[in-house]
Amino acid sequence: MILSTSQRNSGARERLLARLLDAFGEALPPPEMSLREIAARIETSHALLRYHFGSLPGVLAALLTAQRSRDNEALLETAKEGTFDDFVGAIWRTYTRPAQLSRVRGFFHVVGLAAYAPEDFREFVESIDDLTAMLSSLAEREGLEPKEARELATVTIAAMRGLLLQELLTPGTLSQDALTLILRMNEDRSAPRSRPER
């Protein structure tokens, strides 16, 4: 089978992304690392990285999108069996682990860049709502109307991201009870919080 140029390019990009994921695991390249140094780390040329990802921020965005997709697959297991609150807790534990600090910092860095040029970060921007959609689906499963479920999920994710950003800017200020406070915001919703029937 003969692949089109775009298919070949897509395959090459995916192979480079797999090498980046192998090299950096769940972390991101440190901020002082250049595109040339990243290329050397995965034994490729910096021109090839630039061709497929556009820039250093493009590499970071692609890595983050892939890493978050992996996270979502794992979190989806919680969503299948648990409640809205269970899922919120799982998200919170995933992103407040000390090992996630590099990625959380990278996430806000790329979000800041995407705010100025969303068209340059289309894949990343499109993936940003994944957790909101999953939470919204759970809220609907627990009895909320679609609009109310979407609003609840949006505010919950926004609260978590806001608290994570606060912790990055002023380390040590994150309350141990932050998760409880986030869940308390949702206490007045009309849907029951019981586990779904299997």
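When the convex hull of its Cα atoms is viewed from all sides, the chain shows a mean projected area of 13.9 nm². Across region 56-185, the relative contact order, built from alpha-carbon pairs under 8 Å that are at least six residues apart, equals 27 percent. Within the chain, helices built from complete DSSP H runs that reach 15 Å or longer along their own axis (Cα positions) and carry a mean Kyte-Doolittle hydropathy of -0.5 or higher are 56-81, 84-96, 101-116, 130-141, 146-169. When exposed loop sites are taken as GluC sites (Glu not before Pro) in a DSSP loop with at most 14 other Cβ atoms within 10 Å, the longest stretch of the chain clear of them is 44-186.
Between Glu148 and Ala115, the simple label model (points 7 Å from Cα in the Cβ direction) yields a spacing of 3.2 nm. Annotation for Ser175 and Glu14: the two label points, set 7 Å from Cα along the Cα-Cβ direction, are 4.5 nm apart.
Here the gap between Glu187 and Thr44, fully extended at 0.36 nm per residue and compared with their Cα-Cα distance, gives a gain of 46.3 nm.
The charge dipole of region 56-185, taken about its Cα centre with unit charges on the Cβ of Lys, Arg, Asp and Glu (plus for the first two, minus for the last two), comes to roughly 440 debye.
With both labels modelled 7 Å from their Cα along Cα-to-Cβ, the Ala23 to Ala99 distance reads 2.1 nm.
Any read-out appearing in this document is the output of simple, stated calculations on the displayed coordinates, not a laboratory observation. Being a predicted model, the structure only gives us computed values, none of them experimental. Cβ atoms come from the backbone with ideal geometry, glycine included; neighbour counts cover every protein chain shown.
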